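Please treat every number below as a calculation from the coordinates, not as lab data. Small disclaimer: the values here were computed from a predicted structure and weren't measured. Methodologically, a virtual Cβ is constructed for each residue, glycine included, from the backbone with ideal geometry; neighbour enumeration extends over all protein chains shown.
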Amino acid sequence: MIIDLKNEKLSDDVFYSTQKEVLQQWPTGKEVNFEEAVRYQQSIPEQKRFSVKLDKAKKNNVTLIQPRAGVALAKEHIELLKYLEDEGGADLLPSTIDSYTRHNRYQEAQVGIDESNKLNRSLLNGFPAVNHGVEVCRTVTSSVKSPVQVRHGTPDARLLTEITMAGGFTSYEGGGISYNIPYAKEHSLEKTIYDWQYCDRLIGLYEEAGITINREPFGPLTGTLVPPCMSNSVAVLESLLAAAQGVKHLTVGYGQCGNLIQDVAAIKSLQKLTEHYLKQYGFHDVVVTTVLHQWMGGFPQDESQAFGVISWGAATAALAGATKVIVKTPHEAMGVPTKEANAAGLKATKQVVSMLSDQKLVSLTEVDQECSIIEAEMHAILEATYKAGKGDFAVGTVRAFEAGILDVPFAPSKYNAGKALPARDNNGAVRLLDCGNLPFNADLKELHRSKLEERGKAEKRAVSFQMVIDDIYAIGKGNLVGRPK
């Protein structure tokens, strides 16, 4: 397949010819009828629309809480969501999709459903929405009081988007960069960006029919020592790509790194520069909200220690003024959590968020200083990406990854340079041990070098790759910075 990639709205001819192929990928695709799906979406009450609830939270400076959750069978999945809503106090609900569906392996997902039915327990690590189809999805989304989002990790999510939007979900996570580079090895960026243009064009068509679907680029990327400038730049790029297809409501995300000042500055910069670049390139009517993902790295196995990590993430989200926070569980180190553990993480988060509801740290001098660093780095990356694409952000993204202008630490993709190497400074903020080919000026490079040398001096050791290793395992050992013993 020859892809003519450009950051322009897909033509009707291209979209509808592709749609015929997409809906034939699995039998449930035949259940999708766009006009009927619009009528169904119109019947969903406002209080169950993701965009409405996020808008209200942003206006009132409230941080909403949302878990991750998904099991194989519809009845059990509904019971799980109801439990998290009623017992956990979740404001927003997910349907996390299983791994087979994420890789378009629908036949194997069906085997998982059949075996789960036989054994009366989930043998899949999520909800196989494509296999269940439109009507079952509607049963799920209509069975709870809160808005429900599709969360997954799919490079080619076109059929999943069709079925779940027709199925009554009102928010959709992911993007052609964030659901490729951190998740896959062999998928080309041209293909995933192009496939996600289809997903976003579908959301744009719903918007044109009067239905606002919230879209959420996946912020944390690999979730391991990702510098804020990199995850924020990817979020801005995915926002621009989505807006070009007609998306009007975006939630841009960031994965907690652990230094409170840097994390607050990252959320503040993310909101500011996403809005800035959208308006700069002509998208003046796009609503932008934010989400902080609680700690995405290694977790302590001890539940009490895990609650400490969860609570720190909750405090960070509240003090940063994030519109919502994605909540972890005290079983994070042990695999798929029980519904009770999931609810416990939600309740702990709700307690902290409520206690800090009247407090924000966004106006601190130290936050402003960190914002200036992050924003300078983001401008450098985004302007270089624009230049690489000769004015086209879709083409520029592909070329920027090829050149290492965009470079996600520890990503498995062969299309990622893997030259940028992060480590923590003496205060636990994520800096760069090696800037690779990132387009930073001499002053920015010197800042990273001096911050890490300050740590090296304090620890009486040379700045080296050993710091990176120590930092990766630090949280699991009860610390943020990997200090030598």
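Using alpha carbons only, the radius of gyration of the stretch 83-169 set against its Kirkwood radius gives Rg/Rh = 0.97. Here the Debye sum runs over all C-alpha atoms of the stretch 1-159 as equal scatterers in vacuum, and log10 of I(q)/I(0) at q = 0.09, 0.20 Å⁻¹ comes out as -0.35, -1.35. In the chain, the calculated helix contribution to ellipticity at 222 nm averages -16000 deg cm²/dmol per residue, counting -39,500 (n - 2.57) for every DSSP H run with n ≥ 4.
When both bridge partners sit in the chain, DSSP labels roughly 15% of those beta bridges antiparallel. Between the beta carbons of Q25 and K485, assuming R0 = 35 Å, the FRET efficiency works out to 0.05 to the nearest 0.05. Its Cα gyration tensor gives the stretch 239-320 an equivalent ellipsoid, and the semi-axes of that ellipsoid, as √(5λ) in whole Å with the largest first, are 31, 12, 9. Helix 339-355 and the long axis of the chain differ in direction by around 60°, with both axes built from C-alpha atoms.
Can you tell me the dipole magnitude for the chain around its Cα centre, using point charges on the Cβ only (Lys, Arg +1; Asp, Glu -1), in Debye to the nearest 20?
Charge dipole of the chain: 720 debye, to the nearest 20.
Take the Cα of V14, step 7 Å toward its Cβ, do the same at V287, and the gap between the two points is 2.9 nm.
Taking 41 Å as R0, compute the FRET efficiency from the Cβ-Cβ separation of E383 and E186 and round it to 0.05. With a Förster radius of 41 Å, E is 0.85. With viscosity set to 1.567 mPa s and temperature to 4 °C, compute the Stokes-Einstein D of the chain, Rh being the Kirkwood radius across alpha carbon pairs; µm²/s, no decimals. In µm²/s, the coefficient is 58. Between the residues V309, V234, I326, the greatest Cα displacement towards the positive end of the dipole of the stretch 228-331, with unit charges on the Cβ of Lys, Arg, Asp and Glu, is found for V234. Remark: spin-label model distance R39-N437 equals 5.3 nm, labels positioned 7 Å along the Cα→Cβ axis. Cross-link partners of K457 among aspartates and glutamates, defined as those whose alpha carbon lies under 12 angstrom from its own and excluding same-chain residues fewer than eight positions apart: D425.
Here the simple spin-label model places points 7 Å from the Cα toward Cβ, and for R121 and E46 these points are separated by 4.5 nm. Taken along its three principal axes, the alpha carbon spread of the stretch 33-87 comes to 37, 35, 15 Å, from the longest extent down to the shortest. Using the Kirkwood formula on the Cα atoms of the stretch 419-485, what hydrodynamic radius do you get, in angstrom to one decimal? Averaging 1/r across every pair of different Cα atoms and inverting gives 12.0 Å.
For the stretch 195-352, the share of alpha carbon pairs falling in successive 10 Å distance bins from zero is 12, 37, 30, 18, 3 percent. The angle between the Cα long axis of helix 393-403 and the main principal axis of the chain comes to about 50°, on a 0 to 90 degree scale.
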